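Computed from the coordinates by the stated procedures, all read-outs in this text should not be read as laboratory data. All values reported here derive from a predicted model rather than from experimental measurement. Positions of Cβ are generated from backbone atoms using ideal geometry, with glycine treated the same way; all protein chains shown enter the neighbour counts.
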Amino acid sequence: MVSTSRLLKVISAVLIAVLALGACSARPGTAAVVDGRTISENDLSQASSELSEVLGQPVNSQAVLQILIVAPTMIQVASRHGVSVSADDAQDFLAGEAASSGQQVAEGGYGAGTVTVGRYLLLDSALRSSNEGGAIGADLQEEFADLDVELSPRYGEWTPEAGPTPVQPDWILNPGEGDAA
């Protein structure tokens, strides 16, 4: 028979482990929440994978996450200024990029996250060459600063200027710090 103190120790250890794992993310499977809109780990993974296939080389998932965070805002601001890119335009752009880099074009089209990145890239190019680019850029910066972004700890912290920035937890020592014993 198990003693009461031993049972309490086991229960305490399990409870601490559950709480520690729960602290990793308020929403398991979520890469970010932006103004109440969820970007799932699956959507981020699919977009990163598809973009790697389109380009024929690996893409940085944090860069893709940053675009997925800001793209809907960019699409809205650009639209207010009369600049728009459709999902079909983005599908065509992505297929063209895949073909030009010698990659296989996705038969059924690209996923929503990948299309969002494609729209962002096309809009970015259009806005940079627009006569109103400076005014639109100022509007974008203001809107980006107002975004309420909650990142999964896996991706660090969000700043509008730098996007997702990796953060080293306090409990991880830098090499050489723990050697002074």
Theoretical FRET efficiency, 1/(1+(r/R0)^6), r = Cβ-Cβ of His81 and Thr159, R0 25 Å, to 0.05: 0.50
Considering Cα pairs under 8 angstrom that are at least six residues apart, work out the relative contact order of the stretch 28-165 and quote it in whole percent. 32
Find the Cα radius of gyration of the stretch 30-154, compare it with 2.2 N^0.38 Å by division, and give the number to two decimals. 1.06
Quick check for you: which residues of the stretch 67-92 have the amide N under 15 Å from the point 7 Å beyond the Cα of Val105 toward its beta carbon? 88-92
With DSSP loop assignment and no more than 10 other C-beta atoms within 10 Å, the chymotrypsin sites (Phe, Trp or Tyr not before Pro) in the stretch 126-171 are Trp171
Relative contact order of the stretch 87-142, please, whole-number percent, based on alpha carbon pairs below 8 angstrom and at least 6 residues apart. 36
Per 0.36 nm of contour for each residue apart, how much would the distance between Glu132 and Asp89 grow if the chain were fully extended, relative to their Cα-Cα spacing? 13.3 nm
